[in-house]
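Everything below concerns the one structure shown next.
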Amino acid sequence: LDGFVGGLRHRGPDDRGTWFDPVARVGLAHTRLSILDLSPRGHQPMEDAATGCRIVYNGELYNFRALRRDLQDRGHVFTSESDTEVLLRLYVDRGPSMLDLLDGIFAFAIWDPREHRLLIARDAMGIKPLYWTRTSNAFLFASEIKALLALPEVERTLDLAAIEATISHLWCPAPRTVLRDVSKLEPGSAMFVRDGKVERSWRWFEIPVQAPVAGGDRVAILRDELERAVTDQLVSDVPVGAFLSGGLDSSAVVALAARRAPKLPCFTMRFSSGGTAAEGFEDDLPFARKVATHVGTELIEVPVGADIAAELDAMVYQLDEPQADLAPINVRHVADAARSRGIKVLLSGAGGDDLFAGYRRHQAAALERLWGWMPRPLRLGMRRVSEHLPADEAWGRRVRRAFREADLERDERIAGYFEWIGRSARRALFTSDVASSLARAPAYQPLLDSLRTLSVDAHPVNRAVYLDARYFLADHNLNYTDKMSMAVGVEVRVPLLARRLVELAASLPVRDKLRGRTGKWILREAVRPLLPAEILTRSKTGFGVPLRTWIHRELAELVGDVLSPARLQRRGLFDPRAVGRLLEDDRAGRVDASYPLLAVVCIELWCERMGAGYARAVT
């Protein structure tokens, strides 16, 4: 257990603990980032003396005080001020039904000697990660894959379908990972494990898709819920700060937090090289400065340049999964700057786009009924015409992507909005034997499969929002935010994903979310009194870097090295000639492939770092 927990030391630098029962053959290990009750009374694994139940837990319960009062009324006596003890006592009191009472971010495991079984669970939206695997004689789980790989019995065999999904989406949708034998526990899910085997697994929380429309003044109701969520998540026994990009979401969180925490330290990025115009978004820094001045918070500008390319290998390792995005490096820089100032908790605006229809794909989904009226031959012709638009201009890329799935049916088209490269183009990148293996294997298409389980009456915009909340958030944004911040011992909280807000968002009519090309309409109205007008009207931007510029300039040497024929041939996953052609077409502006190319780079780096290779890969 000591070797196992050593791989998680960065997540919990304040304390560590292990426990093993040789009779039951069960062990628990934990590293602690102390945020509530900093005393030794919060040490884990924590035991309930009366029952012998033990818990290891990562996260925060925002409603732990209300739960604690209820448990005290039911006769429970507490020995600490930690939310860990509340969670353990809640299980003792109510068993697994207690999951529905939880509002927070968490991954936990509780060993119950009375039932001789283990309960593992993950929070509703997947804000905290949890991976699991089975070996020939054990069930293993951890917050990060690298902890599992510290044990030699864990296989490193690649999952080719998951590799293809990573090329397609730039991240791998749950429950699979790029390792065949390692899975993600999905958001809002739980498992019972007995004698090293999964006895039962279930979803304790289903992300709502389209609830009955809420009545009353929905703008006022949303404003109240936003304030409640931010207030709840400011609770901490250590200093709290915030991300501030100058976009609507982070600005809303900061404005609400500043009412309760004046002079809240906020962090933003300042790029020292490369331009954002080629990426199709505005520079964040001037907007972040306006917000900080307006609400009276401290703004710390974190400088970032193209030299972050040197950090790419470390980023890939830290993320546990290959993700084709350099934004995680931004998170690491901000978290590191916060930690150097003694700040162990940061608030983030993640989730606003996903719940309230802030992405361009939501605008595209709003046009689905128009697509349905068009004959398929006309849609096919529109797609073919769009393929000739310039890929080196932001408007051309957007039109090409909007029309790329024009000839498909509705749910295929909506799922396709999450793909960066079409099936034939991505299959062409693989060697012939890998492509043949993929052709023989069942398709891995969890986004499309999930859409087909929804009511046919669910609005196309709500269908796309559901995919964002179910997959893109947890498997991409929340994964990199957690991994890169916890790498330096900083916890990130996401008030916009509070459970009550998730449920409220599902009850809003589409017109409240999206009006014409204006996404997040109701969120803008809810925070209009709190923010400068420029923030309410600025266009959608991303928390990224000018990758399209960098990949052929500052990153060119690294990309050329990783994608060199000799290096690709050693692994045997990708066809060097096909990858070379794609790189040249991207450089010439014939296609927009910077992100798929980065995906290939990250997969290659990840395989090298984790010791995985195609020679042992199966589908």
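Quick notes
Listed here are the residues, each with its yes/no results for (1) under 18 Å from Y471 (Cα atoms); (2) assigned to a strand (DSSP E or B); (3) without any contact (Cβ under 8 Å) to a residue 40 or more places away in the chain; (4) open to solvent by 10 Å² or more (accessible area, probe 1.4 Å).
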residue	(1), (2), (3), (4)
I110	no, yes, no, no
L118	no, yes, no, yes
L151	no, no, no, yes
A174	yes, no, no, no
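- Across region 470-481, the number of residues qualifying as open to solvent by less than 10 Å² (accessible area, probe 1.4 Å) and over 25 Å from L451 (Cα atoms) comes to 0.
- Being at pLDDT below 90 and of a type in the set (V, I, T) holds for only one residue in I35, I55, and it is I35.
- Hits in region 563-582 - residues which are over 16 Å from C607 (Cα atoms), out of contact with any Leu (no Cβ under 6 Å at 6 or more places or on another chain) and small (G, A, S): G580
- The residue that is modelled with the highest pLDDT, among those in region 395-426 that are open to solvent by 20 Å² or more (accessible area, probe 1.4 Å), hydrophobic (A, V, I, L, M, F, W, C) and in a helix (DSSP H, G or I), is A425.
- Exactly one residue out of T133, T166 is within 30 Å of V601 (Cα to Cα), in a strand (DSSP E or B) and open to solvent by less than 10 Å² (accessible area, probe 1.4 Å): that is T133.
A quick yes/no check of all residues on (1) assigned to a loop (DSSP other than H, G, I, E, B); (2) farther than 18 Å from I120 by Cβ; (3) hydrophobic (A, V, I, L, M, F, W, C):
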| position | (1), (2), (3) |
| --- | --- |
| V5 | no, no, yes |
| T18 | no, no, no |
| A24 | yes, no, yes |
| A29 | no, no, yes |
| Q44 | yes, no, no |
| Q72 | no, yes, no |
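- Residues in region 467-479 include none that are part of a helix (DSSP H, G or I), under 26 Å from L319 (Cα atoms) and over 20 Å from the mean Cα position of the chain (by Cα).
- Selection within region 5-49 - among the aliphatic types (A, V, I, L, M) and open to solvent by less than 40 Å² (accessible area, probe 1.4 Å): V5, L8, A24, V26, L28, A29, L33, I35, L36, M46
- Selected residue (only one of E186, E144 is open to solvent by 10 Å² or more (accessible area, probe 1.4 Å) and not hydroxyl-bearing (S, T, Y)): E186
Residue by residue, here is whether (1) crowded, with 23+ Cβ neighbours inside 10 Å; (2) at pLDDT 95 or above; (3) under 29 Å from E225 (Cβ atoms) holds:
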residue	(1), (2), (3)
M484	yes, yes, yes
P495	yes, yes, yes
E525	no, yes, yes
L547	no, no, no
A556	no, no, no
R571	no, no, no
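- Residues of region 456-466 satisfying the condition of being within 18 Å of the chain's Cα centre (by Cα) and open to solvent by less than 10 Å² (accessible area, probe 1.4 Å): A464
- Restricting region 345-371 to residues that are surrounded by 24 or more Cβ atoms within 10 Å (Cβ to Cβ) and in contact with a Pro (Cβ under 7 Å, 6 or more places away or on another chain) leaves a set whose member that is farthest from W550 (Cα to Cα) is A365.
- Residue within region 15-31 that is more than 27 Å from W204 (Cα to Cα) and touching a Ser or Thr at 6+ places or on another chain (Cβ under 7 Å) present: yes
- Test for L530: is it in contact with a Lys or Arg (Cβ under 9 Å, 6 or more places away or on another chain), under 24 Å from Q363 (Cα atoms) and of a type in the set (A, V, I, L, M): no
- Selection status of E584, on the phi < 0 side of the Ramachandran plot, of a type in the set (D, E, K, R) and surrounded by 16 or more Cβ atoms within 10 Å (Cβ to Cβ): no
- Filter result for the condition that a residue is of a type outside the set (V, I, T) and under 22 Å from A506 (Cα atoms), over R180, R194, R218, R200: R218
- Filtered residues of region 440-466 (kept if of a type in the set (F, W, Y) and either at positive phi or assigned to a helix (DSSP H, G or I) (or both)): Y466
- Any hit, region 510-522, residues being within 24 Å of D224 (Cα to Cα), open to solvent by less than 10 Å² (accessible area, probe 1.4 Å), out of contact with any Asp or Glu (no Cβ under 7 Å at 6 or more places or on another chain) and polar (S, T, N, Q): no
- Residue within region 445-455 that is polar (S, T, N, Q), modelled with pLDDT of 95 or more, crowded, with 20+ Cβ neighbours inside 10 Å and under 19 Å from W171 (Cα atoms) present: no
- Failed item, numbered, when V488 is tested on (1) within 19 Å of the chain's Cα centre (by Cα); (2) at pLDDT 95 or above; (3) open to solvent by 20 Å² or more (accessible area, probe 1.4 Å): (2)
- Test: residue in region 74-95 that is outside any loop (DSSP other than H, G, I, E, B), without any contact (Cβ under 8 Å) to a residue 12 or more places away in the chain and surrounded by fewer than 17 Cβ atoms within 10 Å (Cβ to Cβ): yes
- Selection status of D100, more than 23 Å from L346 (Cβ to Cβ), under 31 Å from the mean Cα position of the chain (by Cα) and exposed (fewer than 15 other Cβ atoms within 10 Å of the Cβ): yes
- Within region 338-353, being in a loop (DSSP other than H, G, I, E, B) and among the basic types (K, R) holds for R341, K344.
Conditions (1) modelled with pLDDT of 90 or more; (2) under 30 Å from A211 (Cβ atoms); (3) within 25 Å of the chain's Cα centre (by Cα), marked per residue:
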position	(1), (2), (3)
T518	yes, yes, yes
W550	no, no, yes
G589	no, no, no
A612	no, no, yes
A617	no, no, no
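The values are calculated or read from the model by the stated rules, or taken from the named source; none is laboratory data. Because the structure is predicted, anything quoted here is derived from the model rather than measured. Cβ: placed from backbone, ideal geometry, glycine included. Neighbour counts: every protein chain shown. Heads up: the accessible areas ignore ligands, DNA and RNA and are worked out on the full protein's heavy atoms, side chains in. Shrake-Rupley method; radii C 1.70, N 1.55, O 1.52, S 1.80 Å.
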